[in-house]
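Remarks on the structure that follows.
Throughout, read-outs are computed from the coordinates displayed, never taken from laboratory work. Everything quoted here is computed from the prediction, not taken from an experiment. Reconstructed Cβ throughout: ideal geometry from the backbone, glycine too, with neighbour counts over all protein chains shown.
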Amino acid sequence: MTEIDYKHWGISPGIEAIREHVLVAKLNDLVAPLVNWSRAKSVWPAQFGLACCALEMMAAGGAHYDLARFGMEVFRGSPRQADLMIVAGRVSQKMAPVLRQVYDQMMEPKWVISMGVCASTGGMFNNYALVQGVDEVVPVDVYTPGCPPGPETLLHSIVTLRAMIQSGEAVERRQRSGSGAEVHIEQRDGQGAPVLLGATREREREGR
Ligand code: SF4
């Protein structure tokens, strides 16, 4: 077929030029950032506390630490309305199947924060009555250190989780490993400085 010389005839190439002027992208590449952004900004925790760490979790919901700034101050009474489980405290063998049932009833995609050394490893309770790490029962995305971790450290774990959800890293890590993202964070209690992420954290590491 003869190619039309559009310049010579002074006419618009119309649909012929689409491939030169239209950004070609997969629908998934366009939608995924929006989906991840909305997931990160609408994390709803399940109403679930097991031991002393739960008191610190409740403090994070109060006016001083203001979990409401993330829209997370209402801990959901039904797991079907929640997508974040904060395992706050030691997990007894008897509680483990209940914890798993609550997790199974939560919405997908869902996330787990292991709060405190007892939830993460059994802590000082090295005995047959307690689960020696909640990752034996549910996949864990963020391990929060401390006994107990204060609200600052819990907020640090929440901000870290939200950043991973927004970047798509949390889902990608779950898909890749079949388990949780398994990120370990630092303890941040008693620090006046705000929670630091990204570039600021890099500067901190380099001592600038
Ligand atoms: S980590 Fe400490 S504060 Fe948390 S449940 Fe265990 S003993 Fe209690």
If each K or R counts +1 and each D or E counts -1, the residues other than Trp111 whose Cβ falls under 13 Å of its Cβ total 0
Whole-number value, in Å³ per residue, for the convex hull of the alpha carbons of the range 93-172 is 88 Å³
Taking a ≥ b ≥ c as the square roots of the Cα gyration tensor eigenvalues, with a/c under 1.5 meaning rounded and otherwise prolate when a/b beats b/c or oblate if not, the range 44-163 comes out oblate
With Rh as the Kirkwood radius over Cα pairs, the range 70-116 has Rg/Rh of 0.96
Ranked on Cβ counts within 10 Å of their own Cβ, fewest leading, Cys118, Cys147 go Cys147, Cys118
